[in-house]
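The values are calculated or read from the model by the stated rules, or taken from the named source; none is laboratory data. Given the structure is predicted, the values throughout are model-derived calculations rather than measurements. All Cβ positions, glycine included, derive from the backbone under ideal geometry; neighbour counts span all protein chains shown. Surface areas here come from the heavy atoms of the whole protein model, side chains and all, with no ligands, DNA or RNA. Shrake-Rupley method; radii C 1.70, N 1.55, O 1.52, S 1.80 Å.
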Amino acid sequence: MSARDEIFANIRRSLGVKGNETIRKQIVQDRLERAPRGVIPTRGQVSGEERIALFKTMAEASLATVTEVSSAADVPQSIALFLRDHNLPATLRMGDDLRLKAMPWGETTLEISHGPSEGGDLNAVSHAFGGVAETGTLAMISGPENPSTLNFLPDNHIIVVSAKDIASDYESVWNRVRFAFGKGSMPRTVNWITGPSRSGDIEQTLLLGAHGPRRLHVVVVREQ
């Protein structure tokens with residue numbers, strides 16, 4: 001028995017319980033579900049087109065660029081155009097996300113590679129779990145579908161997000177994460193990305209790419 005297990009065993013003995021009582025578990029679950037929410041800024045409490053517009057405004061204020069496309073089928077051409085307009089090589093690394101794999105990459109001249117980045121990739125694309133209109137932030141779930149290395153190592157990170165997955169606030173996205181994965185199967189890491197990496201530590205001079213990508217480009221898919 002570990003020290004942790006021994007401590008909990010002592011607590012249960014002092015309470016006269018075993019820890020597997022159904023009624024006690026239900027009481028705890030009810031208390032968690034009824035717990036009051038903290039203060040949530042009103043800025044993000046909008047819906048529909050106003051929410052998408054706010055997300056775009058806040059993302060661009062954080063030095064990201066944002067493009068909207070009508071459907072998932074338009075994503076590859078949109079990304080190819082972004083790379084060409086910025087004089088970047090037509091290469092792209094991605095994980096095993098089925099939504100990305102289903103897109104018509106063959107209609108472009110992009111050279112696609114798969115799997116985690118080892119630091120030599122200039123461009124990468126990931127699919128966000130969701131977005132936060134309040135701050136223009138993207139929620140990234142770790143795993144082989146969207147490796148966390150793609151969030152940090154390439155110079156240029158392109159993130160695809162469905163318009164329907166853009167929520168008003170962080171709390172709403174966390175609720176979706178808990179609902180989608182559930183207890184015991186939560187992702188190892190949830191990265192929140194707002195704009196490209198930056199630092200102003202030295203003489204308060206803004207430096208992009210300090211700890212990650214120099215560019216963040218967001219593709220909002222209207223229908224997916």
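For region 95-150, give me each residue that is touching a residue at least 24 places away in the same chain (Cβ under 8 Å) and among the acidic types (Asp, Glu).
Initial filter on region 95-150 (touching a residue at least 24 places away in the same chain (Cβ under 8 Å)): 95-100, 102-105, 107-110, 115-119, 121-150.
Once the filter is applied, which keeps residues that are touching a residue at least 24 places away in the same chain (Cβ under 8 Å) and among the acidic types (Asp, Glu), region 95-150 yields Asp96, Asp97, Glu107, Glu118, Asp121, Glu134, Glu145.
For region 78-119, name all the residues that are open to solvent by 60 Å² or more (accessible area, probe 1.4 Å), among the aliphatic types (A, V, I, L, M) and touching a Lys or Arg at 6+ places or on another chain (Cβ under 8 Å).
none
Would you point out which residue out of Asn87, Asn20 is assigned to a loop (DSSP other than H, G, I, E, B) and not assigned by TED's automatic domain parsing to the domain that holds His217?
Values: Asn87 fails: not assigned by TED's automatic domain parsing to the domain that holds His217.
Every option except Asn20 fails the conditions.
Criterion first (open to solvent by less than 30 Å² (accessible area, probe 1.4 Å), in contact with a helix residue (DSSP H, G or I) (Cβ under 6 Å, 6 or more places away or on another chain) and touching a residue at least 60 places away in the same chain (Cβ under 8 Å)) does Ile159 satisfy it?
Details: open to solvent by less than 30 Å² (accessible area, probe 1.4 Å): yes; in contact with a helix residue (DSSP H, G or I) (Cβ under 6 Å, 6 or more places away or on another chain): no; touching a residue at least 60 places away in the same chain (Cβ under 8 Å): yes.
Spelling it out, it is not the case that Ile159 is open to solvent by less than 30 Å² (accessible area, probe 1.4 Å), in contact with a helix residue (DSSP H, G or I) (Cβ under 6 Å, 6 or more places away or on another chain) and touching a residue at least 60 places away in the same chain (Cβ under 8 Å).
Do we have any residue at all in region 123-136 that's in the same structural domain as Ala64 (by TED's automatic domain parsing), on the phi < 0 side of the Ramachandran plot, open to solvent by 40 Å² or more (accessible area, probe 1.4 Å) and at pLDDT 95 or above?
no
Taking into account only those residues within region 8-38 that are of a type in the set (A, V, I, L, M) and open to solvent by 100 Å² or more (accessible area, probe 1.4 Å), which is farthest from Val220 (Cα to Cα)? Outline the logic, then answer.
Start the filter on region 8-38 by keeping residues that are of a type in the set (A, V, I, L, M), which leaves 9, 11, 15, 17, 23, 27-28, 32, 35.
If we keep only those that are open to solvent by 100 Å² or more (accessible area, probe 1.4 Å) too, we end up with 15, 23, 32.
On the way: Leu15: 53, Ile23: 45, Leu32: 34 Å.
In this case the residue turns out to be Leu15.
How many residues are open to solvent by less than 100 Å² (accessible area, probe 1.4 Å) and without any contact (Cβ under 8 Å) to a residue 12 or more places away in the chain if we restrict to region 39-54?
Qualifying residue count, region 39-54: 2.
So that you can scan it fast, the table gives a plain yes or no per residue for (1) touching a Ser or Thr at 6+ places or on another chain (Cβ under 9 Å); (2) within 24 Å of Thr149 (Cα to Cα):
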residue	(1), (2)
Gly19	no, no
Gln45	yes, no
Ser62	yes, yes
Arg93	yes, yes
Ile112	yes, yes
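Considering region 55-77 alone, what residues qualify as being within 20 Å of the chain's Cα centre (by Cα), open to solvent by 30 Å² or more (accessible area, probe 1.4 Å) and under 14 Å from Val160 (Cα atoms)? I'd like the intermediate steps shown before the answer.
Within region 55-77, the first condition is being within 20 Å of the chain's Cα centre (by Cα), and the residues that meet it are 55-69, 71-72, 75-76.
Now drop any that are not open to solvent by 30 Å² or more (accessible area, probe 1.4 Å), which leaves 56-58, 60-61, 63, 65, 67-68, 71.
Those that are within 20 Å of the chain's Cα centre (by Cα), open to solvent by 30 Å² or more (accessible area, probe 1.4 Å) and under 14 Å from Val160 (Cα atoms): Lys56, Thr65, Thr67, Glu68, Ser71.
If a residue must be in contact with a strand residue (DSSP E or B) (Cβ under 8 Å, 6 or more places away or on another chain) and modelled with pLDDT under 85, how many such residues does region 178-200 contain?
So the count comes out to 4.
Here are Lys164, Lys183: which of them is exposed (fewer than 14 other Cβ atoms within 10 Å of the Cβ) and closer than 21 Å to Ala53 by Cα? Working first, answer last.
Details: Lys183 fails: closer than 21 Å to Ala53 by Cα.
Answer to the selection: Lys164.
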